[in-house]
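Engineer: Got a structure here, written out as structure tokens. Questions coming.
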Amino acid sequence: MKITRQKHAKKHLGFFRNNFGVREPYQILLDGTFCQAALRGRIQLREQLPRYLMGETQLCTTRCVLKELETLGKDLYGAKLIAQKCQVRNCPHFKNAVSGSECLLSMIEEGNPHHYFVATQDQNLSMKVRKKPGVPLMFIIQNTIVLDKPSPKTVAFVKAVESGQLVSVHEKQSIKQLKEEQGLVKNPEQRRRKKHKKISGPNPLSCLKKKKKAQDTKSSASEKKRKRKRIRNRSISKVLSEKQNAE
């Protein structure tokens, strides 16, 4: 029974790896219901998950999940202890916490770029996760961990990508990376550096040159005026001398 479960898990992991870029270490988001089920079934998650998935795993949760477990009281104290030992991932709800299910859904938005697994016993949350393509879903049945097969939404998305109707998030990221390596797309950091290199305002040297030219024109105009005065003075003196000779 254990061998068949691992075969199914290997098959499903290969599907998500080839089509959505899921890779080790597998990041598994846990909610309070999954932690409670693991506690009741005496499942050692840190030991059994890597064996079942045949790879390195990271158990993760969010602040909203921890907050929710705190508000639920003593009945879920053991589940809260399990969740507190997980890595806490940053969620967008810094000021106002939301329910654990709503928070986990926000973590897999926009095509699940961080390749999170979602581990939950909440049926409502599971239905919503299955509607998002490319999100592996995990749950516990009869004290055993199960990786759910790809949902119909996920399979339909992969077929649309293969037919050329859609482009997956994984392909978009690889295309963008190739363009940056070939220099077809400029990084925003380089654009910012170029903006800082630009010189604002006029060149001070050009201003000095303009002032010199203005001074030269003024001096030449004053010299012309002096010459004109000299010419006038000479002409007046000639007229006076001629009058004196005539007399």
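Engineer: Hydrophobic (A, V, I, L, M, F, W, C), out of contact with any Leu (no Cβ under 7 Å at 6 or more places or on another chain), open to solvent by 100 Å² or more (accessible area, probe 1.4 Å) and within 25 Å of S151 (Cα to Cα): is that true of I108 in this structure?
Structural biologist: Here the answer is no, as I108 does not meet what is asked.
Engineer: Of all residues in the stretch 42-66, which are farther than 17 Å from E24 by Cα and either in a helix (DSSP H, G or I) or open to solvent by 90 Å² or more (accessible area, probe 1.4 Å) (or both)?
Structural biologist: Result: R42, Q44, R63, C64, V65, L66.
Engineer: Out of everything in the stretch 86-101 that is polar (S, T, N, Q) and not in a loop (DSSP other than H, G, I, E, B), what residue ends up being surrounded by the most Cβ atoms within 10 Å (Cβ to Cβ)?
Structural biologist: By that ranking, first place goes to S101.
Engineer: Let me ask you something else. Among the residues of the stretch 143-163 satisfying the criterion of being modelled with pLDDT under 90 and open to solvent by 60 Å² or more (accessible area, probe 1.4 Å), which is nearest to G14 (Cα to Cα)?
Structural biologist: Restricting to residues being modelled with pLDDT under 90 and open to solvent by 60 Å² or more (accessible area, probe 1.4 Å), the top hit is E162.
Engineer: Please specify each residue of the stretch 1-41 satisfying the condition of being assigned to a loop (DSSP other than H, G, I, E, B) and surrounded by fewer than 17 Cβ atoms within 10 Å (Cβ to Cβ).
Structural biologist: M1, R23, E24, P25, G41
Engineer: Which of the residues belonging to the stretch 143-153 are of a type outside the set (G, A, S) and either in contact (Cβ under 8 Å) with a residue 40 or more places away in the chain or touching a strand residue (DSSP E or B) at 6+ places or on another chain (Cβ under 9 Å) (or both)?
Structural biologist: Residues satisfying the conditions are N143, T144, I145, V146, L147, D148, K149, P150.
Engineer: Also, quick follow-up: Only residues that are in contact with a Ser or Thr (Cβ under 9 Å, 6 or more places away or on another chain) and assigned to a loop (DSSP other than H, G, I, E, B): list them for the stretch 113-127, please.
Structural biologist: T120, Q121, D122
Engineer: For E70, indicate whether it is at pLDDT 95 or above, surrounded by fewer than 19 Cβ atoms within 10 Å (Cβ to Cβ) and of a type in the set (D, E, K, R).
Structural biologist: no
Engineer: Then there's this: Please enumerate the residues belonging to the stretch 149-163 that are within 26 Å of the chain's Cα centre (by Cα) and more than 13 Å from N19 (Cα to Cα).
Structural biologist: Within the stretch 149-163, K153 is the sole residue that qualifies.
The values are calculated or read from the model by the stated rules, or taken from the named source; none is laboratory data. All of these numbers come straight from a predicted model, not from anything done at the bench. As a convention, Cβ positions derive from the backbone with ideal geometry for all residues, glycine included, and neighbour counts pool all protein chains shown. When the accessible area is computed, the model is the full protein with side chains, heavy atoms only, and any ligands, DNA or RNA have been set aside. Shrake-Rupley method; radii C 1.70, N 1.55, O 1.52, S 1.80 Å.
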